[in-house]
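So the structure is just underneath, and the comments pick up after that.
Any read-out appearing in this document is the output of simple, stated calculations on the displayed coordinates, not a laboratory observation. Keep in mind it's a predicted model, so treat the numbers as computed, not measured.
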Amino acid sequence: MKAGLLSIDIVPMEGVDLQALDTEFDLRSKGYFAVAVVSFGYRSDEDFNAKIPKSRLSEEAIFIKA
């Protein structure tokens, strides 16, 4: 199920030190390693940015069909 169907917002975060997360949470000893950080939650009704139109690249500009 997509989070959006539950009205949950998700945002990938950039610039995260994934090795530091592995160390902080001792992930490697548990057979895991961090590959991404994603924040999620419910947006505020006062979030003006949520109502601003977003620009997105077309699928044709992103994907290459081989």
Worksheet item: Among all lysine pairs in the chain that are eight or more places apart or on different chains, how many have alpha carbons less than 27 angstrom apart?
Response: 4
Practice prompt. Compute the relative contact order of the range 1-43 as a whole-number percentage, counting only Cα pairs closer than 8 Å that sit 6 or more residues apart in sequence.
Written response: 52
Practice prompt. Would you pull out the residues with amide H under 5 Å of V37's amide H, same chain only if 5 or more places away, H placed 1.01 Å from N?
Written response: M13
Worksheet item: log10 I(q)/I(0), Debye, Cα-only the range 1-43, no solvent, q = 0.14, 0.21 Å⁻¹?
Response: -0.44, -0.74
Worksheet item: Could you work out the helix-only [θ] at 222 nm for the chain, with each DSSP H run of four or more residues adding -39,500 (n - 2.57) and the total divided by the number of residues, to the nearest 500 deg cm²/dmol?
Response: -3500 deg cm²/dmol
Discussion item. On a full-extension model of 0.36 nm per residue, what is the gain between F40 and F25, subtracting their alpha-carbon distance, rounded to one decimal in nm?
Written reply: 3.5 nm
